[in-house]
Each structure stands twice: as structure tokens, then as C-alpha cells.
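Reviewing the structure listed below.
Computed from the coordinates by the stated procedures, all read-outs in this text should not be read as laboratory data. Owing to the predicted nature of the structure, the values given are computational and were not obtained by experimental measurement.
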Amino acid sequence: MVYESTSPMEILRFARYYRKKDLDVVVVLWGPMGVILGKKGKTGTPPYDERVRECIDMGVKFKCCELASSMIGLRKTNLLKE
């Protein structure tokens, strides 16, 4: 369980850790700031896209809140793909 105040890198670290323990992991991106984590093409540091891609390659599933996505104009085509 992660909380709203948990940093995105910490969430991705938890996801990788539990996936390595052979557990099924689903990260739910909710709220306008949460869904930004799933947006492809982000630049800067830390390298979120690379970390999300690592999780996807390990089998971590990501679900994105459609309401939050639509609030900020984010479409499915703007998201990193599994």
C-alpha cells in the first residue's frame, strides 16, 4: 500500500521489489498528478520513463484513472504502453 504522499520513485521501487518476489503487482495511477507518471516522453531527472519501462518489462501492470486523465487532456495514445 502506498499513499498519496509517496514519491513516484518510491512507488516504482516498491513495485520492482515485490515483483522480484514473484508477486503480481498492479500500480494504479490516479489523480491528475498520478497519471502524469504514465505519460510517455517525460524529460529530466529522475528518469521516470525508464523506471516505468523497467517495471512493465518485469510484468508490473499499470492502470490509469480515466477521469483524472480526461481532466488534464491526457489520452491513451499519450501513455507508456505495456
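Data table
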read-out: Nonlocal amide H pairs with residue 64, under 5 Å, H built at 1.01 Å; value: 29
read-out: Cα long-axis angle, helix 48-58 against the chain (0 to 90 degrees, to the nearest 10); value: 50
read-out: For segment 53-75 and segment 6-43, distance of Cα centres in Å; value: 9
read-out: GNM top mover of 41, 31, 59 - the chain, alpha-carbon springs below 10 Å; value: 41
read-out: Over the chain: helical MRE at 222 nm, DSSP H runs n ≥ 4 each giving -39500 (n - 2.57), nearest 500; value: -12500 deg cm²/dmol
read-out: Length-normalised contact order of the chain in % [C-alpha pairs under 8 Å, at least 6 apart]; value: 36
read-out: Fully extended contour minus Cα-Cα distance, from residue 54 to residue 78, at 0.36 nm per residue; value: 6.8 nm
read-out: Lysine pairs with alpha-carbon atoms under 26 Å apart, the chain, spacing 8 or more or separate chains; value: 25
read-out: Translational diffusion of segment 35-82, µm² s⁻¹ [Kirkwood Rh, Cα pairs; Stokes-Einstein; 37 °C; 0.692 mPa s]; value: 293
